[in-house]
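Notes follow the structure.
The values are calculated or read from the model by the stated rules, or taken from the named source; none is laboratory data. None of the values given here were measured: they were computed from a predicted structure. Cβ placement follows ideal geometry from the backbone for every residue including glycine, while neighbour counts extend to all protein chains displayed. To get the accessible areas, we keep the full protein, side chains included, count just its heavy atoms, and leave off ligands, DNA and RNA. Shrake-Rupley method; radii C 1.70, N 1.55, O 1.52, S 1.80 Å.
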Amino acid sequence: MPSSVRYPLMAALALAAVALTLYWQWPAATLPSAVAPLAEPPSTNPASSPAPVLAVEQRRPAPRLPVPAMADTEVDGQLRIDGRGNLLLGLGVRDYFDYFLSSADRLGLEPAVAALLADAGSRLQEPALGQLVGLLGDYLDYKRASLALLQQPLSAQQQVEPQAQLAALRQAFDSLAQLRRAHFSAAALEALFGAEEAYARYTLDNLALLGREDLSEQSRAAAQERLGEQLPEALRASEERQQLALAQQAESERLWREGAGEEQVRQALAMAYDPPTVERLLDEQRRERAWQQRYAAYRDELAGLQGQGLSASDRERERQRLRQRLFDVEDLHRVDTYDAIAAKQREGAASTP
C-alpha cells in the first residue's frame, strides 16, 4: 500500500479513540432517573411511516437551558413533527442528542440528559415528546454498548501495517453497523446513520483501491468513479466538492514547492474560486506554510540534541523549551499529533526487515 494511505488510516483510528471521550462517565442504567417521568412512549410510532402530512418544525421561544455551562450556546439540531404530531426522524434529531450529550464529559450524564429533556419538553408535545424520549433511550444504550467495542486495543501488527489497519477499520465499521441494527428500528437507523454508513463504506472501499498495486492509474480512477456513483446524491455532491478542493490544494502545494510566487498561486486558485475565497485560501496557505517551517525547525533542533550527550531528563527539558519558543499554546496539540505520527513511522521502519 502506498505510504500516502497510512495517514487517512491513522487519522480514522485516532478519531475512533477521540470518540471515547463522551462515554467515560456513562452509568450502567439504561437511562438516567431524570427520564423516568417520560419513560412510557405513546403507541404511535415516530413518523417514518406513510403519513399524508406536511413536516412542521416546532418553533417556540428558546428556553433557558438549566445547565449554566451551556447557557451561552445555541442548541444544535432540529426537531420536526408531521401534521399528526409525530416526531419526524432525521439527522437533525441525532445532532440534537449529540449537542446535549457532548457536555457529559464535563457535567456528567444525568445533568446533560436533564437539560435535553427540559429543552425538548419546551419544544414538543405528545406524541412527539414520548417518541423522542424512547429514541433517546435507544441512542444511549447504543452509545454505551459501543464503548466496549471502541475500547478494544489494536494489535502491534495493526499499529504499523497499513493492510492490517484497513482490516481493523473495516471490522470496526461492520461491528458498529451490527450494533446499530440491534438497537434501532430500520427507519431510525436510516435516518440517524444512513448517510454516515454510506460514506464510511465508500471511504473504506476507496482506501482499499488506493492500496491495490495490481491496478493501473486508469483502472483505479475508473473504479473510484464507480464507487462515487453509488453514493447518495447529496454525499456525491459533497465528495465532488471535496475532491475539487483537494486537487486545488495539491496544485497550490506543487506551485509553492517549485518556487512560484503568490500571484501565480492566486491565479491558479482563481480558476475555481471567487476572489474572497481565493484570498481566504491564500491566507490559510501562508499560515500553514509558516507552521510547517516552524515544525521542521523544531524537528531539526530535536535531532541536534541527540548528539550532545544529554540525559533523558535534560533532553525532555530542552524539548519543552523548544516547544514554548516555536509554538503557541493552541498549536501544541497538533505538535503532539505530528510527533506521535513520526514515532509510529520510526517504529514501523525499525520493525521492517
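So, in nm, how far is label Gln224 from label Arg319 when the simple model puts each one 7 Å beyond its Cα toward the Cβ?
Between Gln224 and Arg319, the label points sit 3.6 nm apart.
Would you mind putting 321-334, 197-210 in packing order, based on average other-beta-carbon counts within 10 Å, highest first?
Numbers: 321-334: 12.1, 197-210: 17.0.
Sorting 321-334, 197-210 by mean packing, highest first, produces 197-210, 321-334.
Going by average Cβ neighbours within 10 Å, how do the peptides 285-293, 135-143 rank, with the highest at the top?
Highest mean packing first, the order is 135-143, 285-293.
Tally Lys/Arg at +1 and Asp/Glu at -1 over every other residue whose Cβ is under 15 Å from the Cβ of Glu301; what's the total?
+3
Taking 56 Å as R0, compute the FRET efficiency from the Cβ-Cβ separation of Gln125 and Gln308 and round it to 0.05.
The computed FRET efficiency comes out at 0.20.
With the other protein chains left in place, how much accessible area per residue, in square angstrom, belongs to segment 176-230 at a 1.4 angstrom probe?
Using a 1.4 Å probe on heavy atoms only, each residue of segment 176-230 averages 56 Å².
If packing is taken as the average count of other Cβ atoms within 10 Å, what order do 167-179, 90-102 fall into, highest mean first?
Result, highest mean Cβ count within 10 Å first: 90-102, 167-179.
Hey, what's segment 256-353 come to in accessible area per residue, 1.4 Å probe, Å²?
Numbers: 6650 Å² over 98 residues.
In whole numbers, segment 256-353 has 68 Å² accessible per residue.
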